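Accompanying notes for the structure given below.
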Amino acid sequence: MNPQLIFLGAPGSGKGTQAKSLVTKSGFVHLSTGDLLRKEVAKESELGNRITKIIDAGKLVDDSIVLELIKINCDLSKDSYIFDGYPRNINQAKSLNEVILHDKKYIVLYFDINFDLLLKRLINRRTCRDCSYIYNLLGNSPKKEGVCDNCGGEVFQRHDDNEEVVNKRINVYKSTIKPILDYYQQKDVLKKIDASLDLETVAQKIDEIIK
Ligand code: AP5
């Protein structure tokens, strides 16, 4: 069985893109807390409406809500997961180890990137509403505008992918990442990847680490 994978990295560093490709290639299950939260938002429930406000402000949703979503959506006795976007602070890192991973083998991949690249990547990102395929208008656009090449679903721009909110998300990331990196460094499970490289090279580096 593959180890569990934890993807750490700034917004736009490529975590989701690489996770989706590993699902197809290597049978991992992709668990993105961002996607789980957006599903709650789509329900337009009272909780969903609260989450919308937090995401649109570029802030982090409460740890307890996110942990609950993770618990409901994974079974580590059956599958190997990619935790994408979780943990986002040291409290979440400790919860992940103590409540979810227990004694399971895991590797932490840190998508290290020059922050100057992020804004351009994110404001040009488009995502399929149905299959979640990730596009970019700078080199990987859908063939027909607004329509997914894979499934014909609607390709849309995420509400939080605008300059103002992206800058807030990057600032939150900068203020929370160091203790998380230190935590995993101490456990000797941290592997760094240069996420500024092109998609294929990043994918190749990840494959080398997993093997
Ligand atoms: P979330 O959905 O997790 O967003 P994020 O972490 O901000 O990450 P992104 O999805 O923006 O980036 P990515 O690294 O996946 O990049 P991608 O592969 O798409 O979170 C959204 C919000 O939900 C948060 O702000 C927060 O409010 C809340 N939330 C989520 N998790 C939470 C948690 N645990 N606790 C509390 N709150 C939480 O790539 C980006 C673009 O770049 C794409 O267009 C792609 O095509 C392109 N690209 C990717 N790789 C490359 C490459 N190597 N070269 C060129 N282009 C590339």
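The values are calculated or read from the model by the stated rules, or taken from the named source; none is laboratory data. None of these values were measured; they are calculated from a predicted model. Here Cβ is always computed from backbone atoms with ideal geometry, including for glycine, and neighbour counts include all displayed protein chains. Areas reflect the complete protein model, heavy atoms only, side chains present, ligands, DNA and RNA absent. Shrake-Rupley method; radii C 1.70, N 1.55, O 1.52, S 1.80 Å.
When you check ASN167 against the structure, is it in contact with a helix residue (DSSP H, G or I) (Cβ under 8 Å, 6 or more places away or on another chain) and in contact (Cβ under 8 Å) with a residue 40 or more places away in the chain, yes or no?
yes
Among the residues of the range 123-133, how many are open to solvent by 30 Å² or more (accessible area, probe 1.4 Å) and within 25 Å of ILE72 (Cα to Cα)?
Qualifying residue count, the range 123-133: 5.
Only one of (1) under 16 Å from the mean Cα position of the chain (by Cα); (2) farther than 27 Å from LEU96 by Cβ; (3) of a type in the set (A, V, I, L, M, F, W, C) fails for CYS148. Which number is that?
Failed condition: (1).
Can you tell me which residue within the range 134-149, out of those that are polar (S, T, N, Q) and either exposed (fewer than 13 other Cβ atoms within 10 Å of the Cβ) or near the ligand (Cβ under 8 Å from one of its atoms) (or both), is modelled with the lowest pLDDT? Steps first, please.
So the first thing to find is which residues in the range 134-149 are polar (S, T, N, Q), and the list is 136, 140-141.
Checking which are either exposed (fewer than 13 other Cβ atoms within 10 Å of the Cβ) or near the ligand (Cβ under 8 Å from one of its atoms) (or both) leaves us with 136, 140.
Numbers: ASN136: 97, ASN140: 94.
Top of the filtered list is ASN140.
For the range 188-204, does any single residue satisfy the condition of being in contact with a Pro (Cβ under 9 Å, 6 or more places away or on another chain), more than 12 Å from the ligand (Cβ to nearest atom) and open to solvent by 80 Å² or more (accessible area, probe 1.4 Å)?
Among the residues of the range 188-204, not one is in contact with a Pro (Cβ under 9 Å, 6 or more places away or on another chain), more than 12 Å from the ligand (Cβ to nearest atom) and open to solvent by 80 Å² or more (accessible area, probe 1.4 Å), which makes the answer no.
Take the residues in the range 1-54 that are farther than 24 Å from ASN136 by Cα and acidic (Asp, Glu), then tell me which one is nearest to the ligand (Cβ to nearest atom).
Checking each candidate, the answer is GLU40.
Scan the range 174-211 residue by residue and report those that are touching a residue at least 12 places away in the same chain (Cβ under 8 Å) and polar (S, T, N, Q).
Within the range 174-211, THR176, SER196 qualify.
When the residues of the range 150-187 are narrowed to those that are open to solvent by less than 70 Å² (accessible area, probe 1.4 Å) and of a type in the set (Lys, Arg), which ends up modelled with the highest pLDDT?
ARG169
Determine if the range 105-122 includes at least one residue that is out of contact with any helix residue (DSSP H, G or I) (no Cβ under 8 Å at 6 or more places or on another chain), open to solvent by 30 Å² or more (accessible area, probe 1.4 Å) and without any contact (Cβ under 8 Å) to a residue 60 or more places away in the chain.
Yes - at least one qualifying residue is present in the range 105-122.
Only residues that are part of a loop (DSSP other than H, G, I, E, B), of a type outside the set (Gly, Ala, Ser), more than 10 Å from the ligand (Cβ to nearest atom) and open to solvent by 20 Å² or more (accessible area, probe 1.4 Å): list them for the range 60-104, please. Talk me through it step by step, then tell me what you get.
Our first condition is that a residue be part of a loop (DSSP other than H, G, I, E, B); within the range 60-104, this holds for 60-62, 74-80, 85-89, 102-104.
After this cut, where a residue has to be of a type outside the set (Gly, Ala, Ser) as well, the list is 60-62, 74-76, 78-79, 86-89, 102-104.
Next, only the ones that are more than 10 Å from the ligand (Cβ to nearest atom) stay: 74-76, 78-79, 102-104.
Residues satisfying the conditions are CYS74, ASP75, LYS78, ASP79, HIS102, ASP103, LYS104.
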